[in-house]
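What follows draws every value from the coordinates through simple rules; no lab data is involved. Just so you know, these numbers come straight off a predicted model, no measurement behind them. Note that each Cβ is placed from the backbone with ideal geometry, even for glycine, and that neighbours are counted across all protein chains shown.
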Amino acid sequence: MGIPCYDNELIQKIAEKSGFTSDYIKEAGEYAPGGWLAAAFSPRTITPTNQDQLWVIQQNIILELAEKEDCVIVGRCADYILSERENCLKVFIHASMEKRAERIVQKYGEWEQSPEQRLKDKDKRRATYYRFYTDMKWGQAQNYHIALDSGALGIEKCVELLAELYKSN
């Protein structure tokens, strides 16, 4: 449909703006810090952590991208960051643990750690990060306009449905 999609591209933009490596941003982007945002009401002064600085940069880049053009932004609390925008479709794609495990083995191959355990760990980090920065529960239906089960529907069907929603808007 000619709409830019920002996933790894967003990580690259954050890296360029912050000076941190893409690998660092991928990792830091799923861990909640204990820096100045956590202690916002504390009387003592705390220097912002790297994660806090990355949050601010990420937030600014997402807002700039959404202002500039129609686009797809994957993850990074974009649903929360863009919550004030009226012309923004917030989508949550999910699947069963079994389907997700199958997909990551196909995409990334086998690891020492089981795919289910890798997914559980990643989900836990994402949920903690999301809760820390948004004060909302990650994956909860009321945070999104639509939630699609890619394991049941298939990725292509999810894409078709979202393209139809976009065209009708």
Taking 0.36 nm per residue of sequence separation and subtracting the Cα-Cα distance, how much length would be gained by fully extending the chain between residue 16 and residue 152, in nm to one decimal?
45.2 nm
Quick shape summary for the chain, equivalent ellipsoid via Cα gyration tensor, semi-axes whole Å in descending order, reads 27, 22, 16
Would you calculate a helix-derived [θ] at 222 nm for the chain, using -39,500 (n - 2.57) for each DSSP H run of n ≥ 4 and dividing by the full residue count, to the nearest 500?
-16500 deg cm²/dmol
Along region 143-154, what does the Karplus equation 6.51 cos²θ - 1.76 cosθ + 1.60 (θ = phi - 60°) give for ³J(HN,Hα), rounded to whole Hz, x for Gly and Pro?
7, 10, 7, 8, 10, 10, 9, 5, x, 7, 8, x
Any idea how far the Cα center of region 47-71 sits from the one of region 115-130, in Å?
22
Using amide H atoms built in the peptide plane, which far-off residues or other-chain residues are under 5 Å from residue 147 H to H?
92
Which of 19, 109, 75 fluctuates most in a GNM of the chain (C-alpha springs under 10 Å)? That residue is 109
Extending each Cα 7 Å along its Cβ direction at residue 168 and residue 26, get the distance between those two points in nm, one decimal.
3.7
Classify region 52-124: rounded, prolate or oblate, from the alpha-carbon gyration tensor (a ≥ b ≥ c, eigenvalue square roots; a/c under 1.5 rounded; otherwise prolate if a/b is larger than b/c)?
prolate
Which entries in the list 17/137; 90/122; 17/99; 13/120 go over 30 Å, if you measure between the two C-alpha atoms of each?
17/99
When the chain is modelled as a GNM with alpha-carbon springs shorter than 10 Å, which of 22, 150, 96 fluctuates the most?
96
